[in-house]
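Visitor: To start, I am sharing the structure in question, which I have written as structure tokens.
The values are calculated or read from the model by the stated rules, or taken from the named source; none is laboratory data. Owing to the predicted nature of the structure, the values given are computational and were not obtained by experimental measurement. FYI the Cβ positions are ideal-geometry reconstructions off the backbone, even for glycines, and counts take in every protein chain you see.
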Amino acid sequence: MSFSVDDKTRSSSNFFGVRRDPDNCLLIIYGGSGDLAKRKLFPSLSNLQLKKQMPKRYKIIAVGRKDVQADELLSMGKYSDGFRKNFLYVQTDYDPAGVAKLKAICEQVCAEEGIEPNYLHYMAIPPKGYSDLARAISQGGLIHPPKNRNWSRLVVEKPYGRDLASAIELDESLLAGFAEKQIYRIDHYLGKETVQNLLVFRFANSVFEPIWNHHYIEHVQISGSEMLGVEERADYFDKSGSLRDMVQNHLMQILCMVTMEPPVNLSAESIRDEKVKVLRAMRPLDLAAQPPVAVRGQYGPGIVKGVAVPGYREEKGTAPETSTDTFVALRLHIDNLRWAGVPFYLRSGKRMGRKGTEVVVTFKKLPHVLFNARDHEAEPNRIVFKIQPQEAILLELTSKNPGQSFELTDTSMNFCYSDLFDTTADGYERLLLDSVLGDPTLFVRSDETELSWAFLDPLLKHWAVTPAGKAFPNYAAGEDHPAVADEVLLPGAQWLEFSKWDNVCP
Ligand code: BG6
């Protein structure tokens, strides 16, 4: 099959709305000497500068406690000249005195460079500091009221709380200083092209929308496998676990994109309203159900890519006998007209045998098989969305094997992004630009976060009081599919072998 891109495609257009030129502004990055800033934010901003998508005049003010020079901070990365020219580092504490110092610097920079005082505050700091820093920023006069001619926005990284109560508390403390429309909660999965394309695939193709419901869809699987272990992040991850780290945010966002109703228009609020409706329709987890609605796992020692790696309990920084989940599998239901009776299976794990995020929609089989299927039990039709690292959409079909008889065979129509497009932008690039442009569509609203925590809260509480003890570890590092995941399956269901789609694209 061949595909082509319409010549009229405008690379600079935002398919959710009309792009305008970004306002001149200051991007103030707290945690500016930290890992996230160096790994994700600076490279993304440098790329945006190269693509000429940054405002005509802007400055990046990296703020940190470390005593370093800007040059030193940028010495390890390959950054564009334009980015370097617009970069400065300010060493200060995140307290009122530090914010007062920062305010004076911001005003001076704006005056010297002829930049309107529009402020994008990006909190790339550990979450325990969010509330105090947000308070210091708002009380220190570094924000403008929402109706001011200049804008100020606050970008907040995940984790956004660790349960419902802490998410509400965080919301309350941020909303004391900022209006909801000034708060941009990042979920970097929403910045991925393949995740955004779920909406276009569903709502711009007349062949799929009519069958996107319980009449035709048998079940859906959403899977996020990583080969990485806990790396240097045990301090955070051991108090978090996969359910909080991956499911509450990334996988639930994907689920919403796959299942939401068409929004009335493409405004940020319309799209987010529809996601919220899905979250409201989620059937509460019945922790007594059989088969169980959720299971957890933790990796033991094993081999990943030919290298022997330690088990989670042996990793630096994890608590002895820790019950933290490095793998989870869930069975969910959305109780609305579209999805009644359709099970959704979600799973996510660290230290698996492969990296891949996929959504597989399995369609119901036809009630009657006309062809002689004696030698071939035809597979149901499936649509596979390969979110990453390969980016593709596959449609699995049954076809005729050439020959005298009507022998059946499984075939697939594959659309690989790499066949058509040079690159797909990193999630952070897209989200940083959107926050500068003031487009909150791909950011998470407070009610979305709270509903998602509310849904998972009973399970988190249950696991907190039932340590796994000797049941962990229950899979070996490097396994593709921990057996415990099978426990959530309804009779007749099975997890798909996602690795069979790994080499579909060049
Ligand atoms: C982050 C999690 O949000 O997402 C990490 O905190 C995880 O634990 C990462 O590794 C996965 O992101 P991606 O884009 O590599 O799938």
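Visitor: Please specify each residue of the stretch 336-386 satisfying the condition of being under 30 Å from TYR312 (Cβ atoms) and among the small types (Gly, Ala, Ser).
Guide: SER348, GLY349, GLY353, GLY356
Visitor: Related question: For LYS316, are the conditions met, namely being touching a strand residue (DSSP E or B) at 6+ places or on another chain (Cβ under 9 Å) and over 25 Å from VAL484 (Cβ atoms)?
Guide: no
Visitor: Given the criterion under 23 Å from the mean Cα position of the chain (by Cα), touching a residue at least 24 places away in the same chain (Cβ under 8 Å) and more than 27 Å from VAL361 (Cα to Cα), identify the matching residue among LEU431, LEU451. Reasoning before the result, please.
Guide: Working: LEU451 fails: more than 27 Å from VAL361 (Cα to Cα).
The conditions single out LEU431.
Visitor: Being within 11 Å of the ligand (Cβ to nearest atom) and either more than 13 Å from the chain's Cα centre (by Cα) or among the polar types (S, T, N, Q) (or both) is the filter here; which residues of the stretch 195-236 pass it?
Guide: If the condition is that a residue be within 11 Å of the ligand (Cβ to nearest atom) and either more than 13 Å from the chain's Cα centre (by Cα) or among the polar types (S, T, N, Q) (or both), then SER225, GLU226, MET227, LEU228, GLY229, VAL230, GLU231, ARG233, TYR236 are the ones that fit.
Visitor: Any chance the stretch 390-406 includes a residue that's within 16 Å of the ligand (Cβ to nearest atom) and over 13 Å from VAL359 (Cα atoms)?
Guide: Within the stretch 390-406 (the criterion being within 16 Å of the ligand (Cβ to nearest atom) and over 13 Å from VAL359 (Cα atoms)), the answer is no, since none of the residues qualifies.
Visitor: I would also like to ask the following. For GLY341, which of the numbered conditions (1) at pLDDT 95 or above; (2) more than 22 Å from the chain's Cα centre (by Cα); (3) at negative phi; (4) surrounded by fewer than 16 Cβ atoms within 10 Å (Cβ to Cβ) fails to hold?
Guide: Answer for GLY341: the failing condition is (3).
Visitor: Please verify whether GLU169 is acidic (Asp, Glu), under 30 Å from LEU366 (Cα atoms) and either surrounded by 21 or more Cβ atoms within 10 Å (Cβ to Cβ) or at pLDDT 95 or above (or both), treating the condition exactly as stated.
Guide: It is false that GLU169 is acidic (Asp, Glu), under 30 Å from LEU366 (Cα atoms) and either surrounded by 21 or more Cβ atoms within 10 Å (Cβ to Cβ) or at pLDDT 95 or above (or both).
Visitor: Given the conditions (1) modelled with pLDDT under 95; (2) under 30 Å from LYS400 (Cβ atoms), report the number of the one that PHE363 does not fulfil.
Guide: Among (1) modelled with pLDDT under 95; (2) under 30 Å from LYS400 (Cβ atoms), PHE363 violates only (1).
Visitor: Now for a different question. Only one of these is at pLDDT 95 or above, closer than 15 Å to VAL99 by Cβ and more than 16 Å from the ligand (Cβ to nearest atom): LEU133, LEU142. Name it.
Guide: On inspection, the qualifying residue turns out to be LEU133.
Visitor: I've got another one for you. Which numbered condition in (1) within 16 Å of the ligand (Cβ to nearest atom); (2) closer than 22 Å to LYS355 by Cα; (3) buried (at least 17 other Cβ atoms within 10 Å of the Cβ); (4) of a type outside the set (Phe, Trp, Tyr) is the only one that THR318 fails?
Guide: Status for THR318: all satisfied but (2).
Visitor: Can you find a residue that is touching a residue at least 12 places away in the same chain (Cβ under 8 Å) and assigned to a strand (DSSP E or B) anywhere in the stretch 333-341?
Guide: yes
Visitor: Sticking with this structure for a sec: Hey, any hits in the stretch 355-369 for a residue that's within 16 Å of the ligand (Cβ to nearest atom), closer than 30 Å to GLY469 by Cα and not in a strand (DSSP E or B)?
Guide: Among the residues of the stretch 355-369, at least one is within 16 Å of the ligand (Cβ to nearest atom), closer than 30 Å to GLY469 by Cα and not in a strand (DSSP E or B), which makes the answer yes.
Visitor: Hey, another quick one. For the stretch 379-470, which strands (runs of 3 or more DSSP E) that fit wholly inside it have 1 or more residues that are farther than 23 Å from ARG162 by Cβ and among the hydroxyl-bearing types (Ser, Thr, Tyr)?
Guide: Those strands (runs of 3 or more DSSP E) span 392-400, 408-416.
Visitor: Quick one: how many residues across the stretch 492-504 are surrounded by fewer than 17 Cβ atoms within 10 Å (Cβ to Cβ) and either touching a helix residue (DSSP H, G or I) at 6+ places or on another chain (Cβ under 8 Å) or free of Cβ contacts under 8 Å to residues at least 24 places away in the same chain (or both)?
Guide: Residues in the stretch 492-504 being surrounded by fewer than 17 Cβ atoms within 10 Å (Cβ to Cβ) and either touching a helix residue (DSSP H, G or I) at 6+ places or on another chain (Cβ under 8 Å) or free of Cβ contacts under 8 Å to residues at least 24 places away in the same chain (or both): 5 in total.
Visitor: Kindly indicate which of ARG296, ARG313 is in contact (Cβ under 8 Å) with a residue 40 or more places away in the chain and either within 16 Å of the ligand (Cβ to nearest atom) or under 30 Å from LYS181 (Cα atoms) (or both). Outline the logic, then answer.
Guide: Working: ARG313 fails: either within 16 Å of the ligand (Cβ to nearest atom) or under 30 Å from LYS181 (Cα atoms) (or both).
The unique qualifying residue is ARG296.
Visitor: Among the residues of the stretch 149-194, write down those that are away from the ligand (no atom under 16 Å from the Cβ), out of contact with any Pro (no Cβ under 6 Å at 6 or more places or on another chain) and of a type in the set (A, V, I, L, M).
Guide: Matches in the stretch 149-194: LEU154, LEU164, ALA165, ILE168, LEU170, LEU174, LEU175, ALA176, ILE183.
Visitor: Collect the residues in the stretch 54-77 that are part of a loop (DSSP other than H, G, I, E, B) and under 19 Å from GLU113 (Cα atoms), keeping them in residue-number order.
Guide: MET54, PRO55, LYS56, ARG57
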